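Notes follow the structure.
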Amino acid sequence: MYDKTVRRRRAVLALLVVLSLLLLTAYFGESGGGSLHGVQRTFLTAVSPIQDGANKALKPVRDLFGWFGDTVHAKGQRDQLRKQIDQLRPELIAAQSEKRTYQQLLALYHLNRLGVSAYHPVTATVVGKSPNIWYSTVTIDKGSPDGVRVNDPVVNGEGLVGKVVAVEPDGAQVDLITDSSMGVSARIGASNATGIVQPKVGNPNDLLLQYLPANTHANKGEYVVTSGTVSGRDDSLYPPGLLIGQVTSENEESAYKSVNVHPIANLHNLDVVEVLTARAGGTAANLKTLIAALPVGQSSEVTAQGEQLASTGAGG
Amino acid sequence: MTGAPSAGLLARVGALAVVLVFFQIGVVSEVPVFGINADLTPLLVAFVGLLAGSTLGAACGFAVGLLVDLALLQTLGLTSLVFTLIGYWAGRLRELRDPQAGLTPLLVGAAAAAAALVGYSLMEFLLGVDAPVSLDLLRQIVLGTVVDTIVAVPMWAIVRRTLEGGLPEDPRRRRRRRAYTTGGLSPLSKAR
């Protein structure tokens, strides 16, 4: 009985293995249009409706499993994307910084085209900012070898920034217009009324245009620019027409009027500035003014000579 | 199981094989786990062998392999050959050792999955498939074995539950009976 069982078992195994090998050999040896391939195609044709039905019926099950798989996959993707974000963040910061610098340089370029170039601007990079909110100062990377001197006006593409208060060979310190020590002769754009722009007490980020004639009328949003007044020894340090800020409100006072001014230049975000090394009342600036005042025909001839003289004047 | 399998058992095995092959093709093959798909068919063959013996295991392996090859337009006889050997081996394991440990389905499932993956790869290489033996292939085999081992436990429960009624006798029951009636282990013999 045992031998019979063993023989039968071995015979079944041998039969199935041989059958498999025969199938393999025959299938492998025949062409694509052979009988076994035909059987396979017929089987597929017969079961394909069943497969379709099963496929549709089992779709919810597949979706359920797929949902779990997708969730795991999504988590993996999320982690991967987070790594990518971490890698790209420094690049983005660098690109944003470069873009900001480019925009500031572009603004300075436009400012130069508007006439500031006559004051021999020296482009400088802000290398340090006062961490103290009470002292509005920045340090720039240009100093005395570059022609920077104390009291030189400092501008950026948006307008007046401040003035140089200390110069070293390898840098200079600039007081911003919001520093408590600052006072700039200014006028409201549409009128000829001039006053002094100073930081507002209690709010170092806001300005106050003081000592305006009592009958001065200032509208909200009007621009406040440097007056650039020239009156002998009390010449203004700043070229005329440099934008300082916009009027936000008027203050009623007895003898004089004052208006609140919001600075135009973003003083919290300075990267590149220009130091105007030829002062408003200086020789170079005056020559430029004279050249500009000449008739059109003559001015073009004299311009080159004037520029040459101006550069000589700036060096002195 | 020494006698010929009953018609009921054959019907159960056949129905289970057809359902699982279509489930494998329609669902499991389309749901990747760790980047690969689980393969229930070698588990089915191995568990049928483990429950019903080597003859039925080998026959089930041949039939399931043939069904897979036909349905997926693969080389006829290839899967049959590998699965026949797996079913026979699982059946012989049951006949010779009759393992009753709780981890048996897990280990048998892992061995069956590994044997199927390795055997199938070997056969493909023998047939001249132009592919190098690479680390990727080894990784696929290892991952496939791991995934199949994970699904082996529920698969074992399904196969056992389906075939339970058709089996002539439960291996555990048989062993318990043998323990009670032979070798002086019976409480009755102790009482004497």
Exercise for the section: Might you check whether a residue that is part of a helix (DSSP H, G or I), of a type in the set (S, T, N, Q), touching a strand residue (DSSP E or B) at 6+ places or on another chain (Cβ under 8 Å) and away from chain B (no Cβ under 14 Å) occurs anywhere in the stretch A:78-88? Expected result: no
Exercise for the section: Just give me the residues in the stretch A:7-26 being surrounded by 13 or more Cβ atoms within 10 Å (Cβ to Cβ) and either basic (Lys, Arg) or over 27 Å from residue B:88 (Cα atoms) (or both), in sequence order. Expected result: A:8, A:9, A:10
Handout entry: Conditions (1) modelled with pLDDT of 85 or more; (2) over 28 Å from residue A:105 (Cβ atoms): number failed by residue A:200
Key = (1)
Problem - Pick from the stretch B:68-78, criterion part of a helix (DSSP H, G or I) and within 9 Å of chain A (Cβ to nearest Cβ), ranking: surrounded by the fewest Cβ atoms within 10 Å (Cβ to Cβ) - result: B:71
Exercise for the section: From (1) exposed (fewer than 12 other Cβ atoms within 10 Å of the Cβ); (2) more than 10 Å from chain B (Cβ to nearest Cβ); (3) not hydroxyl-bearing (Ser, Thr, Tyr), pick out the condition that doesn't hold for residue A:34. Expected result: (1)
Completion exercise
In the set A:45, A:101, A:25, the lone residue that is polar (S, T, N, Q) and under 24 Å from residue B:25 (Cβ atoms) is A:45
Exercise for the section: Might you check whether a residue that is surrounded by fewer than 23 Cβ atoms within 10 Å (Cβ to Cβ) and away from chain A (no Cβ under 12 Å) occurs anywhere in the stretch B:44-53? Expected result: no
Practice task
Tell me, please, whether a residue that is touching a residue at least 12 places away in the same chain (Cβ under 8 Å), more than 14 Å from chain A (Cβ to nearest Cβ) and either buried (at least 21 other Cβ atoms within 10 Å of the Cβ) or in a helix (DSSP H, G or I) (or both) can be found in the stretch B:83-105.
Solution key: yes
Practice task
Could you tell me whether residue A:20 is part of a helix (DSSP H, G or I), small (Gly, Ala, Ser) and away from every other protein chain (no Cβ under 14 Å)?
Solution key: no
Problem - residue A:29 vs. criteria surrounded by 12 or more Cβ atoms within 10 Å (Cβ to Cβ) and without any contact (Cβ under 8 Å) to a residue 12 or more places away in the chain - result: no
Exercise for the section: Evaluate the stretch A:165-172: report whether one residue or more is surrounded by fewer than 22 Cβ atoms within 10 Å (Cβ to Cβ) and not in a strand (DSSP E or B). Expected result: yes
Exercise for the section: Within the stretch B:164-179, identify whether any single residue is surrounded by 12 or more Cβ atoms within 10 Å (Cβ to Cβ) and modelled with pLDDT of 85 or more, and answer yes or no. Expected result: no
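The values are calculated or read from the model by the stated rules, or taken from the named source; none is laboratory data. All of these numbers come straight from a predicted model, not from anything done at the bench. Every residue, glycine among them, receives a Cβ derived from its backbone with ideal geometry; neighbour counts consider all protein chains shown.
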